[in-house]
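Working notes, structure below.
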Amino acid sequence: MRYCARCGSEYQDSVVDCTDCPNHPPLVSAEVMRERKLPLPHELDQHRFVRAGVADDPVTAQIFVDVLDEQRIPLIVRPGRSGVVDELTTGNLLPWWEILVPDTDQARAAVLLEEVKIQGLATADEAGRAAEEEEREGELGHPPADSAPPVF
Ligand SMILES: [Zn+2]
């Protein structure tokens, strides 16, 4: 059997890359999965790997992967397509990706992903505030002179 190191899917030996994942990553052997401390499909069922976070889009999923990779936390990205898809729901079904990590790393990984999310929101907030301030400056003519840097 061959395995996808990204989503953990199992394939016949004749298959060379994962058809489920973006960019179709090459499949690896069970030994390589072991070396990378990644779970084989039957191990996923034993709840050794648990959910650390959920990404609503491929960009966020990739950011989560990068962050956990940096911390050397083994992870699996599982495309979320559970549930019944019928003609009525197909149109507004949003894609999402479940980030799974070993249960021993779950707490740490969840905190990391939460931080990434907050940073993302803060960046969006700042962009919004900067735009607002520009508008105010335009109206008043002067930026606030005594704006102190935020204290943490
Ligand atoms: Zn895959």
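Filtering segment 10-29 to residues that are at pLDDT 90 or above and outside any strand (DSSP E or B) leaves Gln12, Asp13, Ser14, Val15, Val16, Cys18, His24, Pro25, Leu27, Ser29.
Quick check, is Ala5 of a type in the set (A, V, I, L, M), within 11 Å of the ligand (Cβ to nearest atom) and either surrounded by 15 or more Cβ atoms within 10 Å (Cβ to Cβ) or part of a loop (DSSP other than H, G, I, E, B) (or both)? Taking the combined requirement at face value, the residue satisfies it.
Yes or no, residue by residue, for (1) within 20 Å of Lys37 (Cα to Cα); (2) more than 9 Å from the chain's Cα centre (by Cα); (3) modelled with pLDDT of 90 or more:
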| site | (1), (2), (3) |
| --- | --- |
| Asp57 | no, no, no |
| Glu70 | yes, yes, yes |
| Ile73 | yes, yes, yes |
| Arg78 | yes, yes, no |
| Val84 | no, yes, no |
| Thr90 | no, yes, no |
| Val101 | yes, yes, yes |
| Thr104 | yes, yes, yes |
| Arg108 | yes, yes, yes |
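For the structure I just gave you, tell me whether Glu70 is closer than 18 Å to Pro102 by Cβ, surrounded by fewer than 16 Cβ atoms within 10 Å (Cβ to Cβ), acidic (Asp, Glu) and not assigned by TED's automatic domain parsing to the domain that holds Thr104. Spelling it out, it is not the case that Glu70 is closer than 18 Å to Pro102 by Cβ, surrounded by fewer than 16 Cβ atoms within 10 Å (Cβ to Cβ), acidic (Asp, Glu) and not assigned by TED's automatic domain parsing to the domain that holds Thr104. Residues of segment 30-51 being among the aliphatic types (A, V, I, L, M), surrounded by 17 or more Cβ atoms within 10 Å (Cβ to Cβ) and assigned to a loop (DSSP other than H, G, I, E, B), which ones? Of everything in segment 30-51, just one residue is among the aliphatic types (A, V, I, L, M), surrounded by 17 or more Cβ atoms within 10 Å (Cβ to Cβ) and assigned to a loop (DSSP other than H, G, I, E, B), namely Leu38.
Within segment 100-129, the residues that satisfy the criterion of being of a type in the set (Val, Ile, Thr) and farther than 11 Å from Ile73 by Cα are Val111, Val116, Ile118, Thr123. Just one of the listed residues (Val28, Val77) is within 14 Å of the ligand (Cβ to nearest atom) and free of Cβ contacts under 8 Å to residues at least 60 places away in the same chain, and it is Val28. Is it the case that Arg34 is touching a residue at least 24 places away in the same chain (Cβ under 8 Å) and farther than 30 Å from Leu121 by Cβ? It is false that Arg34 is touching a residue at least 24 places away in the same chain (Cβ under 8 Å) and farther than 30 Å from Leu121 by Cβ.
When the criteria are applied in full, Val54 meets the requirement of being more than 11 Å from the ligand (Cβ to nearest atom) and surrounded by 14 or more Cβ atoms within 10 Å (Cβ to Cβ).
The values are calculated or read from the model by the stated rules, or taken from the named source; none is laboratory data. What you see is a predicted model, and the numbers here were worked out from it, not measured in a lab. No Cβ is skipped: glycine too gets one built from the backbone with ideal geometry, and neighbour counts run over all protein chains shown.
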